[in-house]
1. Among 14, 47, 26, whose mean-square fluctuation peaks in a Gaussian network model of the chain (Cα, cutoff 10 Å)?
2. Can you give the angle from 0 to 90° between the axis of helix 407-417 and the longest principal axis of the chain, with both taken from C-alpha atoms, to the nearest 10?
3. Using a simple charge model, +1 on the beta-carbon of Lys and Arg, -1 on the beta-carbon of Asp and Glu, nothing else, what dipole does the chain show about its Cα centre, in debye to the nearest 20?
4. Go through 268-276, 300-308, 35-43, 133-141 and give me the packing order, highest mean Cβ count within 10 Å leading.
5. Taking a virtual spin label 7 Å from the Cα of residue 128 along the C-beta vector, which residues in the range 57-74 bring their backbone nitrogen under 19 Å of it?
6. Return one number: the angle in degrees, 0 to 90 and rounded to the nearest 10, between the long axis of the Cα atoms of helix 55-64 and the longest principal axis of the Cα atoms of the chain.
7. Simple spin-label model, 7 Å along Cα-to-Cβ: residue 401 to residue 290 in nm?
8. Based only on Cα atoms, what mean projected area does the convex hull of the range 225-340 have, in nm²?
Amino acid sequence: MSAPSPTKPFNLAIVGGGITGLTLAITLLQHNVPFTVYESAAQFGEIGAGVGFGPNAVVAMMLISPLMKEAYNRCRTLQWESKRGVWFGARVGDRRKAGDDGTFEHGGQPGVKIGDQMFEVFYPNIDHIGGVGGVHRAHFLDQLVKLVPKSVARFGKRLVDISKASDGSEDVVLHFADGTTAQHTAVLGCDGIKSQTRKILLGSDEWNAVFSGKCAYRGLVPMPKAIELLGEEKAMNSQIYFGYHGHILTFPIEKGKTMNVVAFASRESWTSTDWVARVSKEELMADFRTWGPTATAIISAMERHDVWALFDHPPAPTYYGTQPRICLVGDAAHATTPHQGSGAGMGIEDCYILGNLIGEANSVEDLDRVFRAYDEVRRPRTQGIVRTSREAGRLWDFELEDHGDDVDALQRNMETRMHWIWNIDLAGELDRAKAIFRQSA
Ligand SMILES: Cc1cc2nc3c(=O)[nH]c(=O)nc-3n(C[C@H](O)[C@H](O)[C@H](O)COP(=O)(O)OP(=O)(O)OC[C@H]3O[C@@H](n4cnc5c(N)ncnc54)[C@H](O)[C@@H]3O)c2cc1C
């Protein structure tokens, strides 16, 4: 990839080169917008875990660029042909749901065992995108990196502050931890859940991420081992196992070579300043001691035992400011718990809308109106995701009022709760944002 030949009277700074920062870079390249990516790490990188995308995220990738969709296709792992339209096969994993005979009732049918499939949740109509599937994060990021010219990236650049330029230009000056500075027209903050740009924009700790009451053990299981323990159908297709104050997700990644596992547990509080901790296998097993043999087999096969405290953002009053010009994108704007598998997907949607709006801008003043239109269109949807994701976590963990451990109510809820997320008309949303941009001229 070569760097864009600039056609715009402005020059942007993207802070953070995760999935959002790189996707925004790819989108801006489509419009020959000049930009530089500042990343605090020594290179682009992601952790060795899985991430799933809903149809909305895959459509956003397609709309951003066929190259991005191809990058995703190279990494995604499809389920069995017969399961292509299935989000999750749903099961109960916690033995406490069963009576003395080891069974419970679902859908008017008695005799359902712990670990048995109760129902499947379907994506509505995904044929046009050729299927959805999970990816290995590091492999997906590597593919995105290939779509961004090396010359636009600066590494080892940890943003610490942003000020207004003193040369009368209304530019922003980025200050980095290594003592260097850089001057741009605006900052696009893609620096994740602990975002420094968010702190600078919102100017108070009130909007910092808060503990959600859940944590997640993340791990990988080699597929041959997963098949040996669970059988092919469970191991090679996405599953969710419900329980009391916890749930477990599994889905295949790396073209079926690996089963990704995320095991969630509720916690009253999180006091450590570290959000990721190495735990012993015994500690991990203790959280699932009341669970049945399928869940126990999954947990005991996990190769690493890291626990992640799950934080999310209070709803920010705005995603942008004009003095100095800053706009928040992805997790920096709206970090969510992962219970609806939508955080990274929202960042990709943001990039589609914001990147294309910036493509419409032809002056520095236009950028302010772009940010306003982006904020108006994206803030309600993305903050809705954060709110409903917390609720979903309590639903999967038998903690939601009016649902508890009623698996029939849970099924009714689950069958439709994702439709507003998956069925979004993104091209229509971009038209709406462009109309707001034009009307504000
Ligand atoms: C357990 C778990 C499971 C998840 N599963 C899913 C899923 O299945 N599907 C889904 O869509 N989402 C999922 N998510 C959410 C998803 O991981 C995030 O929404 C997504 O990774 C956010 O990407 P981002 O690029 O916005 O932020 P990040 O990935 O956090 O990237 C931020 C980048 O900015 C850099 N940076 C940070 N601070 C600075 C600074 N001051 N200066 C310069 N650079 C900086 C960082 O080094 C990093 O490269 C999950 C999250 C968790 C915790």
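None of the figures in this text is laboratory data; all of them are computed from the coordinates on show. Owing to the predicted nature of the structure, the values given are computational and were not obtained by experimental measurement. Every residue, glycine among them, receives a Cβ derived from its backbone with ideal geometry; neighbour counts consider all protein chains shown.
1. Among 14, 47, 26, the largest mean-square fluctuation in the Gaussian network model of the chain belongs to 47.
2. Around 20 degrees separate the two axes.
3. Dipole size: approximately 880 debye.
4. Working: 268-276: 10.0, 300-308: 16.3, 35-43: 18.6, 133-141: 22.0.
The peptides rank, most packed first, as 133-141, 35-43, 300-308, 268-276.
5. 57-70, 73
6. 30 degrees
7. With each label placed 7 Å out from Cα toward Cβ, I get 2.2 nm.
8. Working: hull surface 39.6 nm².
For the range 225-340, the mean projected area of the Cα convex hull comes to 9.9 nm².
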